[in-house]
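Shown next, in structure tokens, is the structure this report addresses.
The values are calculated or read from the model by the stated rules, or taken from the named source; none is laboratory data. On a predicted model such as this, the values are computed, not experimentally measured, just so you know. Here the Cβ positions follow ideal geometry from the backbone for every residue, glycine too, while neighbour counts run over all protein chains shown.
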Amino acid sequence: MSPSAAPLPLVYVIDDDASLLRALRRLLGAGGFRVCTFSSAEEFLESAEATPACLVLDVHLGGLSGLDLQERLVAAGRRIPIVFITAHDDAVTRERARRAGAIDYLRKPFNDDSLIAGIKRALGDA
Amino acid sequence: MRLLRGARHAALAPWALFLALLIAPSAMAADGVSPVIGETLRPVNVLLLFASPRLTPAQMAIDEAFRSTLTSRLSAPVYFYTEYLDLTLFHGDEPRPELRALLERKYRGVKLDLVVALASTALRFAIQYRADLFRGAPVVFASVDRAALGDLPLRDDITGIWLNADWARTLDAALRLQPATRRVVLITGTSSTDRVWQAAAKRQLDVDRYRAGVEIEYLTDLSVDQVLQRVAGLSRGTIVLFGAFSRDATGQNLIGAEVVRRVAASSRVPVYGPGETYIGAGIVGGHVVSFQAQGVRAAELAVRVLGGERPSPADGGTNAYVFDWRQLRRWGLDEARLPAGSEVRFRTPSPWDLYKWQLLGGVALVTLQTALIVGLLVNRRQRRRAQQALAERLRFETLVSELSAAFVTSPAREVGGRIEKALGRIVEDLRLDRAVLAELDDRRPDVIEVTHSWTRDGVPAIVGSLEKRAFPWVASRLQAGHIVAAGRLDDLPDTAQTDRRNMTALGTRSFVAVPLIIEGVVGGALAFSSIRAEREWPDELAQRLRLLAEIFANALARRRAASAARESEDRFRLLADTAPLMIWMAEPDGRRTYFNRRWLDMTGRRPDEDLTDGWVNSVNPDDRKAASETYYRAVAERRSFTIDYRLRRRDGEDRWILDHGVPRIDEDGSFVGYVGSVIDITALNTALKAVLESNALRSAIFGSLYGQVAAIDRDGVIIALNHSWTRFAEENAEPARGLAVGANCLEVWRAAAAGGDAHAYRALEAVTAVLNGKKEDVRLEYACRSGAVERWFEMAVEPFRRPEGGAVISYIDITRRHNAEEEARRQREDLAHAQRVTTLGELSASLAHEINQPLAAIVTNAQAAIRLLERQGMAHADVSEALTDMAADARRASAIIQRLRALSRKEHAPQSGIALNDLIDDVVSLLRHDFMRKRITVLRVFDPVVPSIAGDPVQLQQVILNLLVNASEAIAHNDGGRREIAIVTTRRTPGLVEIAIRDSGIGAKESELARMFERFVSTKPGGLGMGLAISRTIVEAHGGRIRAIANPDRGLTLHVELPCEQSVTEHSGSPSR
């Protein structure tokens, strides 16, 4: 990868676990992405005017859940490719996320390659 | 004072001897005996038993002759007791029980030396009862027809004089006087004695000797009037033979001599007879029995018996040809044809008869007259006295006879009056001034009470009581049984100073006092006194007074007995008449002789009707034969009986009655008849029928009970079992083994418990506790394996609520119930298990989430570090390796958590076509007991066409269960107010169904509503905070939603939305409550 390439894609990460959020900033930073982190869906909705290239979204959040946020974004017409991450994997949620247009659905703890692959696919889609 | 008996042997003046010859012919017989002064001798007690109720002329003759002969022959004083047994008045020889009781009482304390029985019935009585009543005293009889005794054996201490009514010689004599006689009419009465005479006549006259010459007709069973008619119609060539006649066919009791007087008066033909007492009453005569001779000869035998001899009964020798001169004249019969040795009485003396001695034996006459005149001149005073004595005696004899007859025939209540009248007559006849009958009173031993007295006008009367100490000497003499007499008070000994002084004070100048022996003891005294003049008390007179005293004593005893008997009888009748039941009494032969008022009132029969056998006519004709037969069969066997039959009431209505009779046994244990009671059981029958019907109903209920029921008494003995029990016992060995009616279940169980049967032990404990009243009721459940099948029973023990106590045991087969309960329990366990599993799953899911977060951070950090090192060219093989291992280990830890979660999650295969309403019903029924316990009403409002859903039924049930449990707990924590849960199912479009569970519980705050589905959030004290979280997980896993909304009034409603299938399932559960 060349450093002179086009501006780095912006990846938003929303997770209520601060430790994981910091780790993801490091990883994705090391992976060549611009990273913006939020600890809740509400924080994201309040502060993000810019449209991110990709959203890494935790399903289970305090307050508005990841799925709810997805619904709202869909409802608001903001098509942001989403990679779901969850510590609580179940078939119904996975299916629902997929139906709502999620690019990927990763169970925590996930592999760095899987995440980056998911994000790249999202960026490619975008 | 002298003893009268001893006086007879004082030197007698010639005149006294002469007088003795004149007035006391029996005294001549005293020659052979040497009496001793009476004081030193024990008195001889003699009882005279007369068969008849009174002194007939024949009996008077015997009585008179016997008494005078016996007293004259014995040196010891003789006390005569006299009983008129009235036997001839009654059928058969059975004495009336009252009579027996009376005699027993009277003679209990009397040592009788001799019993004299006059006539065969009296002898039978004496033989039969002397052991019981008379201490086995020897018996002497007179006037007894040998044939009438039949083959009754006579022991050697029974002897007497046979009576031979000599019909044959009488007839022979009649035929001699009237040779043309072709027909004989023989008349006898109907009493037992009369029949004895008739039987003797038949024995003697039904022989060839007479059959050829005369026709003999026996007239019996006729009334007196009929007899009179018959004899008035007899024609020439016929004669009448007249026997004993003490009762006629109408049952009237008569005196033979009176009857024969009327018969002879009416008869157109001569009457003959074999009885001496008929001579002078109108019969021509016959070979007659001399009753006087019977008495004398019996007394002679009695003397020998008392002397210790055992003479055999003597035969005859007491009969003689006696004819009435007037009757011979009346019928024109030739005296010359009389048998040799005939005595002709009542001859009107002709001048020849009167003076033949003067004419033929003038010298002798002159000598006699001279002697008389000399005697008279010498002892004018004595002569006057002698004449007076003679006259007195004659009058007295008549008086005594009359009195004894009067007393025995008079009712007891008239005894008192008669005694006073008698005293008056004696006073008049003996020209005395005062007569007193005084009785001893046990309660006042110091006095003697004057109970009857007669005093001549102008003489001071003695009334009230006399102090014994005023007359110590006389009282002691009387007490010892002696007669005390004093012609002059100076005759009294010196030791009687007090007596003399007090007598003088009463004005008495001369007196005689005779002890009154009542019921064997001295009970009083009879005293006569002269006030105006001194007078002598001849021996004979004193003896007559003793006889009189005896008559009075007898009468008084009779009155006492009668009053006791009447009192007892009155009491009985009063009781019987006022008793609320009908009462009858019967003779030993079953004839009912008494019916109380109630019986008479009921049947409308009259007491004067003949009911003895006629009572059966009051029985319904259909029942009469059976009732009568049963009755007489019982009587024949002398046993108690109870007969039920319909008795016809006076208004014609039949009443069902119960006739119960028991044999009457008197003190001696002899059977004396029956006493019976009759109860109207018509009402009772109706009531009984009702009871029977109700019993039938009850036993039908009892019998048809599904469970096995046994009733036991307080000792544990089984008194009733129902059909189910019996059937069960037949089909199964347990638990009814050995338990049949009559068995003691406690014992059976005790034995089984000893053998290690745990159920028996528990049953024993339970029943004992209830029987002891320690427990009101006990219920036990136990299994009972019969083969491969396990059956469950509930044993219930309850007290038998009746006065006698006991318990009712029932077994119910609860296998089905038990299985259902077991199934419900299993389901609850399944759910609880599911709950636990789900909870664990939820926990592990939570754990996985919580742990996966840091693990994810570790992995991500490690991988980020590797990438950063690589990017900066600082990558070192060892560091990269270490970071890679770190990430790998973190993933491994996550995998372990993941596996644990998979393990703890009970996965159920999803089903389709789940009927939501049925599913809810199932859960509600699981919680039914819980709701009932908490008194919560569950209202189900189900959409009947709610579509089916797909999913995990167990998980869905778990959701419903959680919501219902939460609702019920919310209500439980809410005191007061409605306690209701409503479950509503609704179809929502598109493709959704909703379950709304509304409670009236404590509710929740608005802030709580949002958080209540989070894990570990609970509004309940002690709640885990997992229920709703799990529910949400499940609901969401099924693609549904769950939320809680506060009700406007109170409580919460939880709404569960679930996606549904397109098909609609009909609700198959029970209708909404």
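Scanning region B:126-177 for residues that are under 29 Å from B:Ile216 (Cα atoms), touching a strand residue (DSSP E or B) at 6+ places or on another chain (Cβ under 9 Å) and in a loop (DSSP other than H, G, I, E, B) yields B:Asn164, B:Ala165, B:Asp166.
Of all the numbered requirements in (1) of a type in the set (Lys, Arg); (2) in contact (Cβ under 8 Å) with a residue 40 or more places away in the chain; (3) surrounded by 20 or more Cβ atoms within 10 Å (Cβ to Cβ), B:Arg867 misses one, and that requirement is (2).
Within region A:29-68, restricting attention to residues that are touching an Asp or Glu at 6+ places or on another chain (Cβ under 9 Å) and assigned to a helix (DSSP H, G or I), the residue that is nearest to the other protein chains (Cβ to nearest Cβ) is A:Ala30. Scanning region A:85-106 for residues that are part of a strand (DSSP E or B), within 13 Å of chain B (Cβ to nearest Cβ) and buried (at least 20 other Cβ atoms within 10 Å of the Cβ) gives A:Ile85, A:Thr86. For A:Val56, the criteria (1) at pLDDT 90 or above; (2) surrounded by fewer than 22 Cβ atoms within 10 Å (Cβ to Cβ) hold in every case but one, which is (2). Taken together, the residues in region B:860-897 that are touching a helix residue (DSSP H, G or I) at 6+ places or on another chain (Cβ under 8 Å) and either among the polar types (S, T, N, Q) or facing chain A (nearest Cβ under 10 Å) (or both) amount to 20. Is at least one residue of region B:611-634 modelled with pLDDT under 85 and of a type in the set (Lys, Arg)? The answer is no, given that none of the residues of region B:611-634 is modelled with pLDDT under 85 and of a type in the set (Lys, Arg). Write out, first by first residue and then by second, each pair whose Cβ atoms fall under 8 Å of each other, whose residues are 6+ apart or on separate chains, and whose first residue, in region B:732-746, is under 14 Å from B:Asn722 (Cα atoms) and small (Gly, Ala, Ser) while the second is modelled with pLDDT under 85 and outside any strand (DSSP E or B). Short answer, once both residue conditions are applied: B:Ala736/B:Trp725; B:Ala736/B:Phe728; B:Ala736/B:Ala729; B:Ala740/B:Ala729.
Determine which member of the set B:Arg247, B:Arg203, B:Arg262, B:Arg230 is in contact (Cβ under 8 Å) with a residue 24 or more places away in the chain and under 30 Å from B:Arg347 (Cβ atoms).
Working: B:Arg247 fails: under 30 Å from B:Arg347 (Cβ atoms); B:Arg203 fails: under 30 Å from B:Arg347 (Cβ atoms); B:Arg230 fails: under 30 Å from B:Arg347 (Cβ atoms).
So the residue among B:Arg247, B:Arg203, B:Arg262, B:Arg230 that is in contact (Cβ under 8 Å) with a residue 24 or more places away in the chain and under 30 Å from B:Arg347 (Cβ atoms) is B:Arg262.
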